[in-house]
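Have a look at the structure below before the remarks.
The values are calculated or read from the model by the stated rules, or taken from the named source; none is laboratory data. Quick caveat, the model's predicted, so the values are computed rather than measured. Note: ideal-geometry Cβ built from the backbone for every residue, glycine included; neighbour counts use all protein chains shown. To get the accessible areas, we keep the full protein, side chains included, count just its heavy atoms, and leave off ligands, DNA and RNA. Shrake-Rupley method; radii C 1.70, N 1.55, O 1.52, S 1.80 Å.
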Amino acid sequence: MSDNHGFSDVEAKSAVPDKDGDTEEITNKRKASDDLLYKIDDVPPWYTCCFLGLQHYLTMFGSTVSIPFILCPLLCVREDDPARGYIISTIFFVSGLVTLLQSTFGCRLPIIQGGTFSFLVPTIAILSLPELQCPTGLMDGTSEFSSEEKEEIWHIRMREIQGAICVASIFQLVIGYTGLIGLMLRYITPLTITPSVTMIGVSLFGAASHNCEGNWGVAILTIVVMTLCSQYLRNITIPLPLWKDGKMTISPVPVFKLFPILITILVMWGFCAILTVSGAISEDNGARTDRNLELVYKAAWFRFPYPFQWGVPTVSAAGVFGMVAGVLASAIESVGDYYACARLSGAPPPPVHAINRGIGTEGLGCILAGLWGTGNGTTSYSENIGAIGVTKVGSRRVIQWGAAIMLGFGMFSKFGSCFLTIPTPIVGGIFCVMFGMIAAVGLSNLQFVDLNSTRNLFVLGFSIFFSLVLPQWMKQNPGLVLTGSDKVDQILKVLLETSMFVGGFLGFFLDNTIPGTPEERGLIAWNAQHGVNDSDEGAEFQAKCYDLPLGMDYLRNQKWAQYVPFLPTFKKNK
């Protein structure tokens, strides 16, 4: 989804030519496709796949590893608990598993799947329920708890989030495999998506501020380094040895554009290590790198993540309803990622069956993430789509190798534990930039609508402002929602404290009920981007790259297969 748009140059523009046929646009696409070193169905040598797959892993690394730094304190996992490393390893393992499923059987595009910030907003609301608050004295160490008690405390909370993700993701699976995603796109408009996605970034400012508290100087320096890498130095190339056309060559590589988060983490991590070793900062300073060093020594070298490793997920209506908001936002934004990925990898625009199968597979991936216990879901990573545009390698096989690398590092638990030594001010500085970009990605959907319209300004302004006011009031007055049913009270509390739900619901209701022309609401450009208005002739282009790897001869001989929305034999007019 678009919560990882921040530092790639991928724009969510339509990859489908209009009905009149834009000759210049088609010519440009062909030129871009001819410029690719490897197209979607090409199979580079194994050593090339390994190197490029590692590059994709490094590209998604920064966004993925930052999620547990928000999640673990909410789950009541202390900084000195080795479970933090196990959760990081589990997220990488599941990301690799779901990426393999998506690129092989899902939309079949070279697209990375990883953790998403969309799920964090409802997760915070769920874990703010009174019964899920951390016990007094646990996190600051003022009260004594046995290791078994500490483990059970966070296991209970993790199982609650697991259950909410699993059940809510069934919704995404259903709208994908049944083809309902196309129908929903007609009513989920730019003025629905804008307040919802914007509030993901805005509502997480508390997590960014909390992580910066340990050392604001380091946090600000992290922001400076990340801004330099992602903006000022993004067009600077560095000559590096690359394997091309069967031989080793020295080629310019835009490393700052490809790895801004990774470079920032490594530079600031090394800087803090120097400060720690030299004694320039005190023992209790949040920028020290040796605070959790003992956890690295204690962690097992290898640990295989498995389903239900934290216990059987528990399900509550409040958790499920709250998590649906994150699931829906993730699904809608992923559709735009599919078109961008197809354009950059030399593939034709994804037909309707590929989109249906991709969204359904993302739902399946979130269910697997819930069963494994990542505490999060999975979604498409647009920064890796940007990497395809930079490297000119759109091969599906490269992504599958990248998935295998993620699976390998996910089982190497000592590797995951090393990230626990990253000082929290570094994480806080990265959050300040990333969450700002997420909010901006939400606002970027306004490019489709008429901002001179007072109607649109009202829908936008009220949806955003009230989604700040109501959740804040709910948190300050937790006992005022009394319907007579504890279950209903919990559901309303979670929903009304989830700012992205409040903003998305208000935008959806107001934009679909207040009169306005399609041009004014931005529906024409929006539908063109998501392929809603495509004719059957354009949408039914059955390119082999979207065919399933097995059983196609059988499916083409079956009449019933024309009516199954996620099969390559699906006929839209049927």
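Laid out as a table, the results:
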quantity: Subset of the range 467-478 (residues that are open to solvent by 70 Å² or more (accessible area, probe 1.4 Å) and within 27 Å of the chain's Cα centre (by Cα)); calculated: LEU468, GLN472, LYS475
quantity: Criterion (of a type in the set (S, T, N, Q), open to solvent by 10 Å² or more (accessible area, probe 1.4 Å), within 25 Å of LEU495 (Cβ to Cβ) and in contact (Cβ under 8 Å) with a residue 40 or more places away in the chain) met by exactly one of SER203, SER118, SER169; calculated: SER203
quantity: Helices (runs of 4 or more DSSP H) within the range 352-444 that include 1 or more residues closer than 16 Å to THR104 by Cβ and among the aliphatic types (A, V, I, L, M); calculated: 352-372, 396-411
quantity: Failed condition for GLY319, given (1) within 29 Å of SER95 (Cβ to Cβ); (2) surrounded by fewer than 18 Cβ atoms within 10 Å (Cβ to Cβ); calculated: (2)
quantity: Residue within the range 46-60 that is open to solvent by 70 Å² or more (accessible area, probe 1.4 Å), modelled with pLDDT of 70 or more and under 18 Å from THR104 (Cα atoms) present; calculated: yes
quantity: Number of positions in the range 455-480 that are polar (S, T, N, Q) and more than 13 Å from LEU191 (Cα to Cα); calculated: 4
quantity: Selection count where residues are open to solvent by 50 Å² or more (accessible area, probe 1.4 Å) and of a type in the set (S, T, N, Q), scope the range 272-316; calculated: 3
quantity: Answer residue from the range 513-572, given it is outside any loop (DSSP other than H, G, I, E, B) and basic (Lys, Arg) and is modelled with the highest pLDDT among those; calculated: ARG521
quantity: So GLY106, is it of a type in the set (Gly, Ala, Ser) and closer than 23 Å to SER499 by Cβ; calculated: no
quantity: Number of the exception - CYS76 against (1) on the phi < 0 side of the Ramachandran plot; (2) open to solvent by less than 10 Å² (accessible area, probe 1.4 Å); calculated: (1)
quantity: Residue check, PRO348 in contact (Cβ under 8 Å) with a residue 24 or more places away in the chain, open to solvent by 30 Å² or more (accessible area, probe 1.4 Å) and not in a helix (DSSP H, G or I); calculated: no
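Results for (1) farther than 23 Å from VAL449 by Cβ; (2) not in a loop (DSSP other than H, G, I, E, B), shown as yes or no for each residue.
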{"residue": "TRP473", "(1), (2)": "yes, yes"}
{"residue": "GLY479", "(1), (2)": "yes, no"}
{"residue": "THR483", "(1), (2)": "yes, no"}
{"residue": "LEU492", "(1), (2)": "yes, yes"}
{"residue": "LEU495", "(1), (2)": "yes, yes"}
{"residue": "PHE501", "(1), (2)": "no, yes"}
{"residue": "PHE505", "(1), (2)": "no, yes"}
{"residue": "PHE509", "(1), (2)": "no, yes"}
